[in-house]
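Enquirer: Here it is, the structure, as structure tokens.
The values are calculated or read from the model by the stated rules, or taken from the named source; none is laboratory data. Since we're looking at a predicted model, the values are computed, not measured. When we count neighbours, we look across all protein chains shown, and the Cβ atoms used for this are built from the backbone with ideal geometry, even at glycine. Ligands, DNA and RNA are stripped out before the accessible areas are found, and what is left, the full protein with its side chains, is counted by its heavy atoms. Shrake-Rupley method; radii C 1.70, N 1.55, O 1.52, S 1.80 Å.
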Amino acid sequence: MQQIKTLMLREWMQHRRSWLLLGLWTPVIAWALLYLVLFYQGMPQFNSVTISDAAKVASFGISAQSSMVLYIALVGVLLTIPGLPYRDKDDKSLSFWRSLPINEASAVIVPVLMNALLLPLLAIVSALGLNVLLSAPLWVSGLTASMGVNVLLALLGFSLQALLVLLWFLPLVLLLALGNSTIRRWGIVIVLIGAFMVQSLLGSLSHYAPASRFVDIYFSGLFGVMNQVELERFLATDSTLLMQIGNLLRFAINVPFVITLLISGLCLAALILRRKAGQTA
């Protein structure tokens, strides 16, 4: 347990600034700019009977800013995880970490989980909570019981969506990390080209559609999860958040999602074996 705490602390100390900047400062800057625009331009008129103009602006601001944080977090994961196999060699700290009594599995799994799941999820959830808090002056005066329930459902639904998106994204970045660990620099390109070549080959040899379209199925699932929870109308009385969360859960209870988790596990096992063999840091 102490090994895991040490490795988690390392990732937190190295990367906390960028993730906290994303999760805390981007909402502050975005809402400061939005309030400045509203101060000079006034409140726009939408002629909606189910939601006030101010609440509609709040919903739009929360949706746009939270989605932006989610996309940036995915880019951060994509830039971070493939470089992990050679990180200790590149920053000249390999000898130090090799001298510590840390097993190979923990040395691989903990950095991946921290940088691919925990830190991005912390930034996304923090940004959503801060968005709701900073937007409160626009909708709190009209707060009702149903609106309060919608706010809680929005926090729960978008957090669950972010977790599922990161889990769907994990096999892709781990395959890129494995490719990078095998053929450095060119490994990422080879993985991407190889995936499409295998799909084309399976398409010509097999009539079983899922087997010959696994790349399409994977990305349709990934983008499908990302588009399930819509925050544009969550402050309205006719919000469909409960139904959206139900639809979202279907993405976690299906065969493609289980396969993505299995591929992630196999990639982690391969990275651990490569580290044990001394082929990566």
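Enquirer: Do we have any residue at all in the range 215-238 that's modelled with pLDDT under 75, surrounded by 17 or more Cβ atoms within 10 Å (Cβ to Cβ) and under 22 Å from Pro82 (Cα atoms)?
Expert: No, the range 215-238 has no match at all.
Here's the yes/no breakdown for (1) surrounded by fewer than 17 Cβ atoms within 10 Å (Cβ to Cβ); (2) aliphatic (A, V, I, L, M):
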{"position": "Tyr35", "(1), (2)": "yes, no"}
{"position": "Gly42", "(1), (2)": "yes, no"}
{"position": "Phe46", "(1), (2)": "yes, no"}
{"position": "Ala54", "(1), (2)": "no, yes"}
{"position": "Ser59", "(1), (2)": "no, no"}
{"position": "Val69", "(1), (2)": "no, yes"}
{"position": "Ala73", "(1), (2)": "no, yes"}
{"position": "Thr80", "(1), (2)": "no, no"}
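Enquirer: Also, I was wondering about something else. Note down all Cβ pairs under 7 Å where the first residue falls in the range 55-72 and is farther than 17 Å from Ala136 by Cβ and assigned to a helix (DSSP H, G or I), the second is polar (S, T, N, Q) and open to solvent by 10 Å² or more (accessible area, probe 1.4 Å), and they're at least six residues apart or on different chains.
Expert: Listed by first residue and then by second, the contacts come to Val69/Thr26.
Enquirer: The conditions are (1) free of Cβ contacts under 8 Å to residues at least 40 places away in the same chain; (2) more than 24 Å from Asn150 (Cβ to Cβ); (3) surrounded by 14 or more Cβ atoms within 10 Å (Cβ to Cβ), and Gln3 fails exactly one of them. Which is it?
Expert: Gln3 satisfies every listed condition except (1).
Enquirer: Looking at Val173, Val191, which one is assigned to a helix (DSSP H, G or I), modelled with pLDDT under 75, touching a helix residue (DSSP H, G or I) at 6+ places or on another chain (Cβ under 9 Å) and crowded, with 19+ Cβ neighbours inside 10 Å?
Expert: Among Val173, Val191, only Val191 is assigned to a helix (DSSP H, G or I), modelled with pLDDT under 75, touching a helix residue (DSSP H, G or I) at 6+ places or on another chain (Cβ under 9 Å) and crowded, with 19+ Cβ neighbours inside 10 Å.
Condition check ((1) at pLDDT below 90; (2) crowded, with 22+ Cβ neighbours inside 10 Å; (3) among the hydroxyl-bearing types (Ser, Thr, Tyr); (4) outside any helix (DSSP H, G or I)) across all residues:
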site: Leu122; (1), (2), (3), (4): no, no, no, no
site: Ser126; (1), (2), (3), (4): no, no, yes, no
site: Gly129; (1), (2), (3), (4): no, no, no, no
site: Leu133; (1), (2), (3), (4): no, no, no, no
site: Ala136; (1), (2), (3), (4): yes, no, no, no
site: Val151; (1), (2), (3), (4): yes, no, no, no
site: Ala154; (1), (2), (3), (4): yes, yes, no, no
site: Ser159; (1), (2), (3), (4): no, no, yes, no
site: Leu167; (1), (2), (3), (4): no, no, no, no
